[in-house]
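Peer 1: Quick one: the structure is below, questions incoming.
The values are calculated or read from the model by the stated rules, or taken from the named source; none is laboratory data. Just so we're clear, the structure is a prediction, and the values are computed from it rather than from any experiment. Cβ placement follows ideal geometry from the backbone for every residue including glycine, while neighbour counts extend to all protein chains displayed.
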Amino acid sequence: MLDFIARRLISIIPVLAVVAIFVFLMLRLTPGDPAAVIAGDNATSDQIADIREKLGLNEPIWTQFAIWIGDILQGKFGESYFFKKTVAELIAQRVEPTLALALCTLVFAVCISVPIGVMAAYRQGSLFDRVVMGFSVLGFSVPGFVIGYCLIYIFAIELGWLPVQGYVRIGVNFWQFAERMVLPSLTLSVGFVALISRITRASVLEVLNEDYIRTARAKGLSNRVVLMRHALRNAAVPILTVIGLGIAILMGGAVVTESVFGLPGLGRLTVEAVLSRDFPTIQTVILLFSVVYVVINLLIDISYTLFDPRIRY
Amino acid sequence: MFSFKKSALALVAAAGATALLTAAPVHAQTIKAVMHSDVKILDPIWTTAYIQRNHGYMVWDTLFAMDEKFDVKPQMVDKWEVSPDKLVWTFTLRDGLEWHDGKPVTAEDCVASIKRWAARDSMGQKMMASAEGFEVVDAKTFKLKMKEPYGLVLQSLGKPSSNVPFMMPKKTAETDPMQQIKVEDVIGSGPFIFKADEWKPGEKIVYVKNAKYKPRAEPPSGLAGGKVVKVDRVEWLWIPDVQTQVGALQNGEIDMIESPGHDLLPILAKDKNINLFNGNPTGNQYTFRFNSTAKPFDNPKVRHAVFVAFAQEDFLKATIGDPQWFKVCKAPFVCGTPLATDAGMADVLNGNAAKAKQLLTEAGYDGTPIVLMQSTDLQVLTNLAPVAKQQMERAGFKVDMQSMDWQTLVGRRVKKDPPSQGGWHAFLTSWVAADILNPVMAGFFNASCDKAMFGWPCDATIEKFRDQFAKETDPAKQKQIVEDLQKYWANNPTHINVGQWYSPIARRNNIEGNMIAPAPVFWNITKK
């Protein structure tokens, strides 16, 4: 197992190298000039040229790349062109809202989708099954921002139960934190629920046709025990795989959801950095997302061993 | 035995206790506002962006300021005088001016601040080109010595919009003008104090009342007069989504939105808890900018043909829609201001496609496609380029409209490459009226070739008029120079003004006292 983990962690290095080169080149080759953005609308060409010089953007592209990689290897992520803060500081400031949103969404999504997926499989062909499958298609189809606006209109503006926007840190006030997390998490979890419930239903359906399930039933075990202990546990591997892949969807969704609900998270930082061509911030955030994605998938792989004893690394 | 009910009750009780113990202090007099942009940069001299200008007015003060009637009035200055030969200006500061750290404001601070501002601002550069230097007389008095009489000294020091000559402590003002000041140096003598520990870029910026600030005795007017702060704290929250901004205002989570989208104004107008307030009656001006170095716009006659082909109302209807928020105005120095005049404008901006066609033929236009950049992500600009394209095509131009986000446009407009190789011919933007009140202040009138703003017009006659205007000290003669300039400029345009528009502030009904000023300021505002 340790050997497997070590190999997987080492495999992150080439992945990150490719991501670093790709992101760096993409930013330099796409149009847009951070110096012109910084200088503002009334700036003269000379002022813009001066700022470009100060930022080191006049250096050849490979020199800029070498400097950046050298800094990264020393643990220096650079300073944002705009915020006059280090990128590490910016990320530290923004990580909590995104982490909270991701965790709440995962909890919401798993708590809702796994039971309804199992029930839909158990009652295959019933009205419940059809309603669940119908809603899951809807969940895939409706864009996140539309769901967000609808939830804001109903629960914040019309009913006045929850705030429209904003984020309060958990350490400052738990209730204000919680009430501001409900709508964004629900919004982001809709697509996730649709995905996981469909996969859960399909996996459980497949397992329910296995001989050992028939044996369990023949032994006189209750439906709850058969479903939860035998069927769901054996169907867990594909569900976990989808949850792992879903992290990528979650990262993408966070960008939109954080903007709609005014959450100052990493998703919004990415958008702001892209729109203002803040190269050091974009590069570091994308590298961070890549690391998170690879590590989460590693954790998912490791968790397979808990559900399927046949899997050994 | 595990009891779900008991556990849930315990959890609720614990969370409730935590909430009571950790609840944030209540700020009874806190204004929560959403501005047009997030404050990412704290130095209002380093950039010309309007959000930094607004931030500047919170923290720093100015020597002079423009009032509601466009007159320049002393602000930090107590008294000032000019020598009979108009070569020596003497300024004396008010008593009791203090930086937020408790140190007194001195004449040396002001001299250093003017020097740094003048290194970045085009109006400051022009003033300093006529200046011999400064002399600090004592802690409160300094002199500005000129090489020749200069008519815009007070207008420059009381410049209302970007870049505003804000006064900073000498140590801060000695920062290289090409470098940003440090976060810890955001110390001013203005009516609000910046809370560095609460500044979270992308989330909020916080200011608290400067209790030691000594407002002038005069009533507030525009950016001048007594800056009396009537709330304890101002928070600028950043909510990027305009729909969410409106929802938050309707829900009472915020008190005002500086610049709600025009398409959302009808929703806000219907809400009985919200009112719309136009705090900037001169508003903004849409502008079509030529690249005067790129063929065929290197030919003034071709540029004049565009001027003849355009009609303002189409631009304004396509972008703003509701006529209460726009005005057809031919005066390039903005209707409703002292230098507003229609001199020389009779034959332009009438949508006369036939005459424009004739001018194009006379100019020998060869059908070169005009690369017109369209920004698609700023709602107030998006529909301008399609209107320009249609009006130009009606006049016989071939137009290649290229869509892009604003920041791509900003990056591309500084490129002098040929339009077919990544350069450009024209784009549309908008100016706050306070930035274009005279030909020296208005950046697009600068026709000094490579030293001019992007578009780089090169016209010695326009430059001569600008110099005459700057050096003339008689306002009546200044107005005559503007009329002469305008008559020449209509035939040799560096840009085209395509209409005036307004953006009201949306505020809850319990917010009152917003100033009528070219920048949104927070003194005099009350929250009931």
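Peer 1: Just the residues that are within 14 Å of chain A (Cβ to nearest Cβ) and on the phi > 0 side of the Ramachandran plot, please, taken from the range B:225-271.
Peer 2: B:Gly252
Peer 1: Between a first residue in the range B:356-378 that is more than 25 Å from A:Val274 (Cβ to Cβ) and a second residue that is among the basic types (Lys, Arg) and surrounded by 17 or more Cβ atoms within 10 Å (Cβ to Cβ), which pairs have beta carbons less than 9 Å apart while being 6 or more apart in sequence or on different chains?
Peer 2: B:Ile370/B:Lys389
Peer 1: If we scan the range A:190-199, do we find a residue that is within 14 Å of chain B (Cβ to nearest Cβ), part of a helix (DSSP H, G or I) and in contact with a Ser or Thr (Cβ under 9 Å, 6 or more places away or on another chain)?
Peer 2: no
Peer 1: Within the bounds of the range A:170-187, is there any residue that is more than 11 Å from chain B (Cβ to nearest Cβ), among the polar types (S, T, N, Q), assigned to a helix (DSSP H, G or I) and in contact with a Gly (Cβ under 9 Å, 6 or more places away or on another chain)?
Peer 2: Checked against the condition, which is being more than 11 Å from chain B (Cβ to nearest Cβ), among the polar types (S, T, N, Q), assigned to a helix (DSSP H, G or I) and in contact with a Gly (Cβ under 9 Å, 6 or more places away or on another chain), the range A:170-187 yields at least one hit.
Peer 1: Continuing with this model, one more query. Any chance the range A:148-165 includes a residue that's buried (at least 17 other Cβ atoms within 10 Å of the Cβ), in a loop (DSSP other than H, G, I, E, B) and in contact with a Gly (Cβ under 9 Å, 6 or more places away or on another chain)?
Peer 2: yes
Peer 1: Any idea how many residues of the range A:178-203 are of a type outside the set (A, V, I, L, M) and surrounded by fewer than 20 Cβ atoms within 10 Å (Cβ to Cβ)?
Peer 2: 1
Peer 1: How many residues does the range B:359-396 hold that are part of a loop (DSSP other than H, G, I, E, B) and either of a type in the set (A, V, I, L, M, F, W, C) or within 14 Å of chain A (Cβ to nearest Cβ) (or both)?
Peer 2: Selection size over the range B:359-396: 4.
Peer 1: If I filter the range B:397-427 down to residues being touching a Phe, Trp or Tyr at 6+ places or on another chain (Cβ under 8 Å), over 8 Å from B:Met373 (Cβ atoms) and in contact (Cβ under 8 Å) with a residue 60 or more places away in the chain, which single residue comes out as nearest to the other protein chains (Cβ to nearest Cβ)?
Peer 2: The selected residue is B:Lys416.
Peer 1: Taking the range B:200-253, which residues are touching a residue at least 24 places away in the same chain (Cβ under 8 Å), among the hydrophobic types (A, V, I, L, M, F, W, C) and out of contact with any Gly (no Cβ under 9 Å at 6 or more places or on another chain)?
Peer 2: B:Ile205, B:Val206, B:Val208, B:Val228, B:Val229, B:Val231, B:Val234, B:Trp236, B:Leu249
Peer 1: Sticking with this structure for a sec: Within the range A:119-132, does at least one residue satisfy the condition of being among the β-branched types (Val, Ile, Thr), without any contact (Cβ under 8 Å) to a residue 24 or more places away in the chain and buried (at least 16 other Cβ atoms within 10 Å of the Cβ)?
Peer 2: So far as the range A:119-132 goes, no, none of its residues is among the β-branched types (Val, Ile, Thr), without any contact (Cβ under 8 Å) to a residue 24 or more places away in the chain and buried (at least 16 other Cβ atoms within 10 Å of the Cβ).
Peer 1: How about the range B:182-209: which of its residues are away from every other protein chain (no Cβ under 11 Å), buried (at least 22 other Cβ atoms within 10 Å of the Cβ) and part of a loop (DSSP other than H, G, I, E, B)?
Peer 2: B:Gly188, B:Ser189, B:Gly190, B:Pro191
Peer 1: I'm trying to understand the selection: among the residues of the range B:497-510, which are among the aliphatic types (A, V, I, L, M) and either surrounded by fewer than 22 Cβ atoms within 10 Å (Cβ to Cβ) or without any contact (Cβ under 8 Å) to a residue 40 or more places away in the chain (or both)?
Peer 2: B:Ile505, the sole residue that qualifies.
Peer 1: If you don't mind, there's one more thing I want to ask. For the range B:412-426, state whether one or more residues are under 30 Å from B:Lys126 (Cβ atoms), not aromatic (Phe, Trp, Tyr) and not in a loop (DSSP other than H, G, I, E, B).
Peer 2: Among the residues of the range B:412-426, at least one is under 30 Å from B:Lys126 (Cβ atoms), not aromatic (Phe, Trp, Tyr) and not in a loop (DSSP other than H, G, I, E, B), which makes the answer yes.
Peer 1: Filter the range A:1-38 for residues that are part of a helix (DSSP H, G or I) and hydroxyl-bearing (Ser, Thr, Tyr) and give the result.
Peer 2: Of everything in the range A:1-38, just one residue is part of a helix (DSSP H, G or I) and hydroxyl-bearing (Ser, Thr, Tyr), namely A:Ser11.
Peer 1: Quick one: B:Val308 ticks every box in (1) away from every other protein chain (no Cβ under 14 Å); (2) surrounded by fewer than 16 Cβ atoms within 10 Å (Cβ to Cβ) except a single one, so which number is it?
Peer 2: Of everything listed in (1) away from every other protein chain (no Cβ under 14 Å); (2) surrounded by fewer than 16 Cβ atoms within 10 Å (Cβ to Cβ), B:Val308 misses just condition (2).
Peer 1: Follow-up question, since we're still on this one. Residues being within 14 Å of chain B (Cβ to nearest Cβ) and assigned to a helix (DSSP H, G or I): count how many of those fall in the range A:39-87.
Peer 2: Here the count works out to 13.
Peer 1: Residues to consider are B:Asp78, B:Asp109; find the one that is away from chain A (no Cβ under 14 Å) and within 28 Å of A:Ala43 (Cα to Cα).
Peer 2: Testing whether each residue is away from chain A (no Cβ under 14 Å) and within 28 Å of A:Ala43 (Cα to Cα) leaves just B:Asp109.
Peer 1: Looking at the range A:200-209, which of the residues that are assigned to a helix (DSSP H, G or I) and not hydroxyl-bearing (Ser, Thr, Tyr) is nearest to the other protein chains (Cβ to nearest Cβ)?
Peer 2: That would be A:Val204.
Peer 1: Has the range A:56-64 got any residue that is within 30 Å of B:Gly423 (Cα to Cα), among the polar types (S, T, N, Q), surrounded by 13 or more Cβ atoms within 10 Å (Cβ to Cβ) and without any contact (Cβ under 8 Å) to a residue 60 or more places away in the chain?
Peer 2: yes
Peer 1: Sticking with this one: B:Pro332: of a type outside the set (Phe, Trp, Tyr), free of Cβ contacts under 8 Å to residues at least 40 places away in the same chain and either crowded, with 18+ Cβ neighbours inside 10 Å or away from every other protein chain (no Cβ under 14 Å) (or both), yes or no?
Peer 2: For B:Pro332, the condition - of a type outside the set (Phe, Trp, Tyr), free of Cβ contacts under 8 Å to residues at least 40 places away in the same chain and either crowded, with 18+ Cβ neighbours inside 10 Å or away from every other protein chain (no Cβ under 14 Å) (or both) - is not met.
Peer 1: Filter the range B:112-153 for residues that are within 14 Å of chain A (Cβ to nearest Cβ) and among the hydrophobic types (A, V, I, L, M, F, W, C) and give the result.
Peer 2: Those that are within 14 Å of chain A (Cβ to nearest Cβ) and among the hydrophobic types (A, V, I, L, M, F, W, C): B:Trp117, B:Ala118, B:Ala119, B:Met123.
Peer 1: Does the range A:210-227 include one or more residues that are surrounded by fewer than 20 Cβ atoms within 10 Å (Cβ to Cβ), of a type in the set (Asp, Glu), without any contact (Cβ under 8 Å) to a residue 40 or more places away in the chain and part of a helix (DSSP H, G or I)?
Peer 2: Taking every residue of the range A:210-227 in turn, at least one turns out to be surrounded by fewer than 20 Cβ atoms within 10 Å (Cβ to Cβ), of a type in the set (Asp, Glu), without any contact (Cβ under 8 Å) to a residue 40 or more places away in the chain and part of a helix (DSSP H, G or I).
Peer 1: Inspect the range B:172-181 for any residue being more than 14 Å from chain A (Cβ to nearest Cβ), at pLDDT 95 or above and in contact with a Leu (Cβ under 6 Å, 6 or more places away or on another chain) and give the result as yes or no.
Peer 2: no
Peer 1: Additional query: How do the strands (runs of 3 or more DSSP E) wholly within the range B:22-116 filter down when requiring 2 or more residues that are closer than 16 Å to B:Val234 by Cα: which remain?
Peer 2: The qualifying strands (runs of 3 or more DSSP E) are B:30-34.
Peer 1: Six or more apart or on different chains, Cβ under 7 Å: which pairs go from a residue in the range B:38-52 that's more than 14 Å from A:Thr44 (Cα to Cα) to one that's of a type in the set (Ser, Thr, Tyr)? Could you list them?
Peer 2: B:Ile41/B:Thr47; B:Tyr50/B:Ser162; B:Ile51/B:Ser37
Peer 1: Then there's this: Based on what the data block shows, is B:Pro518 crowded, with 21+ Cβ neighbours inside 10 Å, at pLDDT below 95 and either touching a helix residue (DSSP H, G or I) at 6+ places or on another chain (Cβ under 7 Å) or not in a loop (DSSP other than H, G, I, E, B) (or both)?
Peer 2: Considered against the rule, which asks whether it is crowded, with 21+ Cβ neighbours inside 10 Å, at pLDDT below 95 and either touching a helix residue (DSSP H, G or I) at 6+ places or on another chain (Cβ under 7 Å) or not in a loop (DSSP other than H, G, I, E, B) (or both), B:Pro518 comes out as yes.
Peer 1: Can you find even one residue in the range B:18-26 that is closer than 30 Å to A:Val87 by Cα and either at pLDDT 95 or above or exposed (fewer than 11 other Cβ atoms within 10 Å of the Cβ) (or both)?
Peer 2: yes
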